[in-house]
Amino acid sequence: MGIAPPPLRVPTTLDDIRDRFNRGQYWQRAEAGEFRIRKLSSFIPRKRIAGEPSKTRTQILEYLDRASGTRIALVHQYRRRDGSIGGSGRPDPKELLDGGILYIADPYL
């Protein structure tokens with residue numbers, strides 16, 4: 001049994017990644033336990049986040065395949081003290097492995 005080759009990396013827009021993330025219901029699937037969620041960073045910024053209550057955390061999370069540990073998605077979110085998600089109310093994906101292709105946000109597209 002060999003090591004799987006890395007997925008094809010495709011630069012794309014944030015809108016494209018968000019659309020794929022939403023269509024694939026990745027957040028709902030993660031919340032249902034299909035993926036393991038690992039917190040990469042979580043902190044309260046020194047400056048208050050505009051439009052958010054005080055003590056809101058900015059977080060970077062990754063969704064991992066439970067069997068292989070492969071990263072499925074990398075997301076940013078604002079987590080309020082009450083546990084709800086701020087901003088749009090949804091995680092904001094920055095990378096997504098979908099159909100064997102790794103979509104990466106490219107700010108120049």
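The values are calculated or read from the model by the stated rules, or taken from the named source; none is laboratory data. Everything numeric here is computed off the predicted structure, so don't read it as measured data. Positions of Cβ are generated from backbone atoms using ideal geometry, with glycine treated the same way; all protein chains shown enter the neighbour counts.
Structure notes:
- Sole residue being at pLDDT below 95 and not small (Gly, Ala, Ser), chosen from Leu8, Leu102, Leu74: Leu8
- For beta carbons closer than 9 Å, sequence separation of 6+ or different chains, a first residue in segment 28-39 that is under 17 Å from Gly89 (Cβ atoms) and a second that is of a type in the set (Val, Ile, Thr), the qualifying pairs are Ala30/Ile37; Ala30/Ile72; Ala30/Val75; Glu31/Ile37.
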